[in-house]
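Below is one structure, written out as structure tokens; the observations come after it.
The values are calculated or read from the model by the stated rules, or taken from the named source; none is laboratory data. The model shown is predicted, which means the values in this text are computed figures rather than measured ones. Backbone-built Cβ (ideal geometry, glycine too); neighbour counts: all protein chains shown. With ligands, DNA and RNA removed, areas are computed over all heavy atoms of the protein, side chains included. Shrake-Rupley method; radii C 1.70, N 1.55, O 1.52, S 1.80 Å.
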Amino acid sequence: MIDKAVPPGGHRKRQPGARSAFVVGLVAALGAGLLALSGPADAASTLGASAEARGRHFGAAVAAAHLGEADYTTVLNREFDMVTPENEMKWDAVEPARGSFTYVQGDRIVASAREHGQRVRGHTLVWHSGLPQYMSTLTSADELRAAMNDHITGVMNHYKGQIYAWDVVNEAFLDGSGARRDSMFQRRIGDGFIEEAFRTARAADPDAKLCYNDYNIDDADAAKTRAVYAMVQDFTARGVPIDCVGLQSHFNGQAPVPGNYQRTIERFAALGVDVQITELDIEGSGGAQADGYRKVVNACLAVPRCTGITVWGVTDKYSWRAGGTPLLFDGAYGKKPAYDAVLAALNDATTPTPTPTPTPTPTPSSTPPTAACGVSATTSGQWGGGYIVRPVTVTNTGGSPITRWTVTFTLPAGHAVTSSWNVSLTTAGRTVTARGTARNSSLAPGAATTFGFWSSRPNGDPSLPSGYTCTAG
């Protein structure tokens, strides 16, 4: 979503087409029955699962108009564990008339993500572009401030508990000098509009991560990068609620991955915020493109607070830079060398080859190694009527390999699991039993696997599952 980082003749990231007039409902609760939905495969075979093994995500920008295309959704739901709406949550899409909100296409993307165990990045709340016509009539600072805060609050309240992170403010700085962009927000409200947007966003959804997102802030020494760094440093020092910085990272032959790209990530992370690579694409082909993607992935994996990577689209066919073939899948949804490079980088970082341990010769007095496992669970998102538990991590804590594991836990009264992934679930009353699948049941000593689930609950009930135990065989 850039203006000046596009080669001459390039296009804005905006997909034309009429808005659909139908509403797709969210995933329904299944009551006492559970449905194990297919999620990412084992860490060696898909981008999302491989990234999750390192505590990161690997996502893609999604257009609602393509969700009816089988090849598109097959690749999307197989490979990616995070989605970002391309245009469906921008201001002109959700509030085309003052105070009149429409969420049909954004809801469609959220529903699809929930069905397939994917999280959602919200994009974007305040941006100088993508604004409806009525914004030009708001000539005073007070009018524009009220419209901005009402928009942020309205959109975030609608999606509260369903969005992992929001790009709260997008592209507020200029290239070159690092000065603020001369947007209507900057002209009429002044420098304080960014801080106000973040404070309003925190009040609207305290659980969502709040990000500043921009392009051409990949080079640590560039004036624009330094200006954004200074703003984030000021915010963190004064307690302004900012949780992450998004590097769009649009690269090509004339603007390749900077040599100090990892240092850029490290510098932002040192301020106490997460770094997310939010709109990655690299024009080119073959080995050069693959090398660029490999550098980006390795840089992110080297910094613990780099929490994930999102590529800006699923296939070259629909890329905003289609002529530069910048994505991981070609126009026929074939995996490109860049895909192989990314997957190899993820797996090289997450699954190092263990040093073989000699098997001791048993003696009559020796005690055979025990089979044991441990379990931990993280709640990654909550809203009034439900929550996501992900990841649930199962670890072989014993001294011998295990070929099967079983996790049990207890749901609060009135709660029901609505979907799950990487696991086979059954329920009896409030007790849920989770068993490994064919691809993740076997664990070597010290190895781990993850699964997750969505659950519904009565509105207002803050209780969460408890009593997680693991048994191994």
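Here are the numbers for the structure shown:
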read-out	value
Dipole moment magnitude, nearest 20 debye, region 234-355 about Cα centre, only Lys, Arg, Asp, Glu C-beta charged	100
Distance between modelled label sites at D92 and A444, nm, 7 Å Cα→Cβ extension	5.4
Calculated over region 156-214: convex hull of Cα atoms, volume per residue (Å³)	79
25 Å Cα-Cα threshold exceeded, pairs from K224/K317; K224/K295; K295/K336; K295/K335; K90/K317; K160/K224	K224/K317; K160/K224
Å² of accessible area per residue within the chain, as computed with a 1.4 Å probe and no ligands counted	39
Sequence-distant residues sharing a close amide H with L247 (under 5 Å, placed H)	Q276, I277, T278
Karplus-derived HN-Hα couplings along region 462-473 (A = 6.51, B = -1.76, C = 1.60, θ = phi - 60°), whole Hz, x at Gly and Pro	x, 5, 10, x, 8, x, 5, 9, 10, 10, 10, x
Packing-based ranking, highest mean first, of 171-181, 82-92 given that Cβ atoms within 10 Å are counted	82-92, 171-181
Computed E for T74/A179 - FRET, C-beta separation, R0 30 angstrom, nearest 0.05	0.10
Most positive-pole-ward Cα, N396, G68, G190, against dipole of the chain from beta carbon charges	N396
Highest to lowest packing among 208-218, 317-327, scored as the average C-beta count within 10 Å	208-218, 317-327
Tensor-based shape of region 266-316 (alpha-carbon gyration tensor, a/c under 1.5 rounded, otherwise prolate or oblate)	prolate
Highest average packing first - 46-59, 154-167, Cβ atoms within 10 Å	46-59, 154-167
Label-point gap, in nm, between D150 and D234 - each point 7 angstrom along Cα→Cβ	2.9
Under Karplus coefficients 6.51, -1.76 and 1.60, residue-wise ³J(HN,Hα) of region 150-166 in Hz, glycine/proline x	5, 5, 4, 5, x, 5, 5, 5, 4, 9, 4, x, 10, 10, 5, 8, 10
Correct option for mean projected area of the Cα convex hull in nm² [calculated from the coordinates] among (1) 33.4; (2) 24.5; (3) 30.1	(2)
Region 186-201 - phi-based ³J(HN,Hα) in whole Hz, Karplus 6.51/-1.76/1.60, Gly and Pro as x	5, 5, 9, 9, x, 4, x, 5, 5, 4, 4, 4, 5, 5, 5, 5
Accessible carbon and sulfur surface of the chain relative to its total accessible area, %, 1.4 Å	53
Nonlocal amide H pairs with H57, under 5 Å, H built at 1.01 Å	G308, I309
